[in-house]
Amino acid sequence: MKLSNSIESAVKSIKKCHTCGGLSENEICEICLDEQRDNTKLCIIENAKDIFVLEENNLFNGRYFVLENLEKDSVESLKKRVSKDVKEMIFALTPSLSNDAVILFIEDNLKDLDIKFTKIAQGVPTGVHLENVDMLSLAKAMDSRVSI
Ligand SMILES: [Zn+2]
């Protein structure tokens with residue numbers, strides 16, 4: 001009973017951060033409030049839970065923006081979110097044709113801003129044999145090969 005009450009109050013107290021759209025107990029989340037983070041990098045993710053994946057593994061030290069479902073107003077709020085400090089917008093989305101279209105759409109809407117657009121590299125996952133990699137991923141991995 002006690003546990004279910006505390007779970008219930010935890011769930012009730014979770015809101016969406018007004019700035020990034022991530023999960024937060026307050027109006028603005030801890031990541032957005034953290035002054036130590038790099039304001040020049042804005043990472044675009046699909047869901048609020050993706051922030052936890054990147055944070056848990058200490059993979060990124062910039063700011064986030066959650067694109068939950070791309071509506072016109074999320075492009076508007078993204079525009080507002082892009083301060084003059086942002087120099088690089090990193091798309092950390094699941095590789096797919098529809099997400100490629102989303103990236104193009106956003107790039108097109110923000111093309112007047114002086115921002116470098118990047119996306120996370122796509123390739124062969126660690127420990128997965130080539131024969132088990134889908135054709136599109138293998139083709140992209142071959143295209144984006146790096147010198148060693
Ligand atoms: Zn936030």
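The values are calculated or read from the model by the stated rules, or taken from the named source; none is laboratory data. Values in this document were obtained by computation on a predicted structure and should not be read as measured data. Cβ placement follows ideal geometry from the backbone for every residue including glycine, while neighbour counts extend to all protein chains displayed. Accessible surface is based on the protein model in full, side chains and every heavy atom, while ligands, DNA and RNA are left aside. Shrake-Rupley method; radii C 1.70, N 1.55, O 1.52, S 1.80 Å.
Rounded to the nearest 5, what % of DSSP beta bridges with both residues in segment 1-95 are antiparallel? Walk me through the intermediate numbers first.
Working: 2 of 10 bridges.
If we restrict to bridges inside segment 1-95, about 20 percent are antiparallel.
Dipole magnitude of the chain about its Cα centre, charges +1 at Lys/Arg Cβ and -1 at Asp/Glu Cβ only, in debye to the nearest 20?
Charge dipole, the chain, about its Cα centre: 140 debye, nearest 20.
Taking only protein heavy atoms into account and a 1.4 Å probe, give the accessible area per residue of the chain in Å².
71
So what's the Cα pair-distance distribution over segment 14-148, bin width 5 Å, in %?
Whole-percent P(r) values from 0 Å outward: 2, 9, 17, 22, 18, 14, 9, 6, 2, 0.
Calculate for the chain the 222 nm mean residue ellipticity that helices alone would give, adding -39,500 (n - 2.57) per DSSP H run of length 4 or more and normalising by residue count, nearest 500 deg cm²/dmol. Walk me through the numbers on the way to the answer.
Details: 6 runs with 57 residues, N = 148.
For the chain, the value works out to -11000 deg cm²/dmol.
Treat each spin label as a single point 7 Å out from the Cα along the C-beta direction, and report the residue 101 to residue 68 distance in nm.
2.2
What aspartates and glutamates could a cross-link reach from residue 16, if we take a straight Cα to Cα line under 15 Å and drop same-chain neighbours fewer than 8 places away?
Candidates past the 8-residue exclusion: 25, 27, 30, 46, 50, 68.
So if R0 is 30 Å, what FRET efficiency would residue 16 and residue 133 give, r being the distance between their Cβ atoms, rounded to the nearest 0.05? Before the final figure, lay out each step's value.
Numbers: r = 36 Å, r/R0 = 1.19.
It comes to 0.25.
Just to confirm a number: summing +1 for Lys and Arg and -1 for Asp and Glu over residues other than residue 47 whose beta-carbon lies under 12 angstrom from that of residue 47, what do you get?
-1
Please identify the GluC sites (Glu not before Pro) of segment 1-50 that satisfy two criteria: DSSP loop assignment and at most 12 other Cβ atoms within 10 Å. Which are they?
Here the sparse-neighbourhood loop sites are 25, 27, 35.
Would you mind checking 84/140; 87/119; 12/41; 12/87 for any pair whose Cα atoms are more than 24 angstrom apart?
Over 24 Å Cα-Cα: 84/140; 12/41; 12/87.
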